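S.K.: Here it is, the structure, as structure tokens.
Every read-out reported here was derived from the displayed coordinates using simple, explicitly stated rules and does not represent laboratory data. Everything quoted here is computed from the prediction, not taken from an experiment. With ideal geometry, Cβ positions are generated from the backbone for all residues, glycine too; neighbour counts draw on all protein chains shown.
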């Protein structure tokens, strides 16, 4: 089975609505002829409506950077999956290392956010990955297995088959350090083997992105690996030239 590459750009806390709209318009023009790669961008909550409107009827989807566990209620500062779905969001990034490290999203919270995505009809992009001390201790597989097991608990095989997994070694995010193509592919292969506990179609169909200082100059080496199905791009996603180069490398 050939998995369709998926490149998603996480804009993090950059680009107010007017700036985000302008970037979305540039990407829409630059990527109009790309038909072999799934593409998404993830603006801030404030910029989502503008970006959804700009990218409507294009080949670029829109993801949220986070999602609340609850549907509605007295949860100051939160945005529910249902609200995101209502304004045209298709994907939600769940369990990003910055959410885990800076905002206390535990494995259990991440699992509830995955469930919230399915409750509302969003497709989760589930992030997993180890810190530098965990990598140095040879625990990368153990960490990824724990995060996957908790996050996917309670889902049906059909649901798991639609999850995008983003392997993001925490030590490579925003540091300029990148896992070598072989290092990244080895963990991707482990994740795919871990998915073997489900019916065979799950491991064949789940797309596993690499995330961690991906840019135009290293994208081809990473995306040429057999188990790497795309990328979750941070800083380089804010540059039209860089993001387009990464997507072209996936074709």
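S.K.: Counting other beta carbons within 10 Å of each Cβ, put 229, 21, 158, 33 in order, fewest first.
M.R.: Least to most surrounded, the residues fall as 33, 158, 21, 229.
S.K.: I need the calculated FRET efficiency for the pair residue 101 and residue 240, taking r as the beta carbon distance and R₀ as 25 Å, to the nearest 0.05.
M.R.: Computed FRET efficiency for residue 101 and residue 240: 0.30.
S.K.: At 7 Å along Cα-to-Cβ for each site, give me the label-to-label distance between residue 30 and residue 156 in nm.
M.R.: 4.0
S.K.: Quickly estimate the mean residue ellipticity at 222 nm for the chain, helices only: each DSSP H run with n ≥ 4 gives -39500 (n - 2.57), and the total goes over all residues, rounded to 500.
M.R.: About -12500 deg cm²/dmol.
S.K.: Something else: Using alpha carbon coordinates only, what is the Rg to Rh ratio of the stretch 42-108, with Rh defined as the Kirkwood radius?
M.R.: Ratio of gyration radius to Kirkwood radius for the stretch 42-108: 0.99.
S.K.: First obtain the Kirkwood hydrodynamic radius of the stretch 6-250 from its Cα pairs, then insert it into the Stokes-Einstein equation at 4 °C and 1.567 mPa s, and state the resulting D in µm² per second as a whole number.
M.R.: 72
S.K.: Assuming a ≥ b ≥ c are the square roots of the Cα gyration tensor eigenvalues, decide whether the stretch 158-209 counts as rounded (a/c under 1.5), prolate (otherwise, with a/b larger than b/c) or oblate.
M.R.: The shape class here is prolate.
S.K.: Continuing with the same structure: Per residue, how much space in cubic angstrom lies within the convex hull of the C-alpha atoms of the stretch 175-243?
M.R.: 84
S.K.: Please tell me the relative contact order of the stretch 6-250 in percent, rounded to the nearest whole number, where contacts are Cα pairs under 8 Å and at least six residues apart.
M.R.: After rounding, I find 19 percent.
S.K.: Could you tell me the convex hull volume per residue, in Å³, taken over the Cα atoms of the stretch 93-196?
M.R.: Convex hull of Cα atoms, per residue: 100 Å³.
S.K.: Cα convex hull of the stretch 42-159: mean projected area in nm², to one decimal?
M.R.: 8.4
S.K.: Let me ask something additional. Please order 241, 78, 140 by the number of other Cβ within 10 Å, starting at the fewest.
M.R.: 241, 78, 140
S.K.: Got a sec? How would 11, 171, 194 order by Cβ neighbour count within 10 Å, fewest to most?
M.R.: The order, fewest Cβ neighbours first, is 194, 171, 11.
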